[in-house]
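Chemist: Sharing a structure here in structure tokens format.
No lab work stands behind these numbers, since they all come straight from the coordinates. Model, not experiment: these values are computed from the prediction. A quick note on method: Cβ atoms are made from the backbone with ideal geometry, for glycine too, and the neighbour counts reach across all protein chains shown.
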Amino acid sequence: LAKTTQPISMDSYEGQEVNITCSHNNIATNDYITWYQQFPSQGPRFIIQGYKTKVTNEVASLFIPADRKSSTLSLPRVSLSDTAVYYCLVGVDFNKFYFGSGTKLNVKP
Amino acid sequence: GAVVSQHPSWVICKSGTSVKIECRSLDFQATTMFWYRQFPKQSLMLMATSNEGSKATYEQGVEKDKFLINHASLTLSTLTVTSAHPEDSSFYICSASYRREILVGANVLTFGAGSRLTVL
């Protein structure tokens with residue numbers, strides 16, 4: 001699986017847009033990019049998945065440049081409840097899912 | 001859809017005893033389930049991958065005789081921590097992979113709520 005690199009932590013304020021970038025320089029041609037969110041003492045939950053360009057759902061957008069060596073999770077107008085750890089994973093037809101260090105997002109009032 | 005139920009959510013046991021954690025897929029058949037361990041302020045560490053009807057595949061450094069995994073049906077996988085010791089205290093999370101859309105995208109994980117194990 002492609003190794004991923006994310007910032008350890010980020011701070012934001014309520015109402016702001018937050019962009020979390022993940023680097024995956026050795027992403028393979030068939031790999032997809034998937035993001036998960038984890039609150040303390042809970043299992044992670046799926047946020048969004050994409051292959052190229054832009055994907056948007058009801059909670060987030062995922063931007064993937066043409067070279068696919070990075071991806072950016074965009075959270076519009078964050079609230080305090082978005083304080084969590086965000087993980088990006090890269091792969092396809094996963095037989096194993098390895099998590100990187102993730103990004104701890106702290107949303108302040 | 002694709003809900004995984006994990007029990008118990010927390011358990012306290014004495015050193016030397018064994019603890020079983022159950023993971024059930026409620027509305028889909030989970031051919032493959034994954035067990036993770038997470039220490040405070042750390043990421044999830046994959047312990048093992050279990051496939052229905054076959055032996056689990058353990059990650060390097062995980063003692064298979066200590067962490068017994070059984071995946072006897074398509075909806076149930078169990079993790080038994082045998083002869084637990086205080087250093088086994090951790091947050092254990094199970095998950096299953098599923099395909100959100102047929103023929104499109106890659107598998108994603110759905111997770112149980114996790115089990116907090118405290119060994120005294």
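Chemist: Would you work out which of A:Q38, A:G50, A:V107 lies farthest towards the positive end of the dipole of the range A:1-107, given +1 charges on the beta-carbon of Lys and Arg and -1 on that of Asp and Glu, about the Cα centre?
Modeler: Toward the positive end, the furthest listed residue is A:G50.
Chemist: Arrange the following residues from fewest to most other Cβ atoms within 10 Å of their Cβ: B:T78, A:T29.
Modeler: Details: B:T78 18, A:T29 6.
Exposure proxy ranking, most exposed first: A:T29, B:T78.
Chemist: Suppose every K and R has +1 on its Cβ and every D and E has -1 on its Cβ; what is the size of the dipole of the protein assembly as shown about the Cα centre, in Debye to the nearest 20?
Modeler: 140 debye
Chemist: Please grab the % of Cα pairs in chain B that end up more than 24 Å from each other.
Modeler: Numbers: 1610 of 7140 pairs.
Tail of P(r) above 24 Å: 23 percent of Cα pairs.
Chemist: Do any trypsin sites (Lys or Arg not before Pro) in the range B:1-79 lie in a loop, going by DSSP, with at most 10 other beta-carbon atoms within 10 Å of their beta carbon, and if so which? If you can, show how the numbers build up before the last one.
Modeler: Numbers: sites: B:K14, B:K20, B:R24, B:R37, B:K41, B:K55, B:K64, B:K66; in loops: B:K14, B:K41, B:K55, B:K64, B:K66.
Within the range B:1-79, the qualifying trypsin sites (Lys or Arg not before Pro) (loop, at most 10 other Cβ atoms within 10 Å) are B:K14, B:K41.
Chemist: Can you compute the equivalent ellipsoid semi-axes for the protein assembly as shown, i.e. the square root of 5 times each eigenvalue of the Cα gyration tensor, sorted largest first and rounded to whole Å? Display every interim value, and only then the final one.
Modeler: On the way: eigenvalues 185, 86, 47 Å².
Rounded to whole Å, the semi-axes are 30, 21, 15.
Chemist: Using unit Cβ charges (K, R positive; D, E negative) and no other charged atoms, how large, in debye to the nearest 20, is the dipole of the range A:9-108 about its Cα centre?
Modeler: Working: 9 positive and 8 negative charges, 26 e Å.
Once rounded to the nearest 20, the dipole reads 120 debye.
Chemist: What dipole magnitude, in Debye to the nearest 20, does the range B:1-66 give about its Cα centre under +1 on Lys/Arg Cβ and -1 on Asp/Glu Cβ? Numbers along the way, then the final one.
Modeler: Working: 8 positive and 6 negative charges, 53 e Å.
I would put it at about 260 debye.
Chemist: Using the Karplus curve 6.51 cos²θ - 1.76 cosθ + 1.60 with θ = phi - 60°, work out ³J(HN,Hα) for each residue of the range A:54-63 in order, rounded to whole Hz, and write x for Gly and Pro.
Modeler: With coefficients 6.51, -1.76 and 1.60, one gets 10, 10, 9, 10, 6, 10, 7, 10, 10, 10 Hz.
Chemist: Which of the lysines could a cross-linker span from B:K14 if the Cα-Cα distance has to be under 30 Å and same-chain partners fewer than 8 positions apart are dropped?
Modeler: Here the lysines satisfying the reach criterion relative to B:K14 are B:K41, B:K55, B:K64, B:K66.
Chemist: Using the alpha carbons of chain A, what is the convex hull volume per residue in cubic angstrom, as a whole number? The partial results should precede the final answer.
Modeler: Numbers: hull volume 10.1 nm³, N = 109.
In chain A, the Cα hull volume divided by residue count equals 92 Å³.
Chemist: Using Stokes-Einstein with the Kirkwood hydrodynamic radius over Cα pairs, what translational diffusion coefficient do you get for the range A:28-91 at 10 °C and a viscosity of 1.306 mPa s, in µm²/s rounded to a whole number?
Modeler: On the way: Rh = 12.3 Å.
The Stokes-Einstein estimate is 129 µm²/s.
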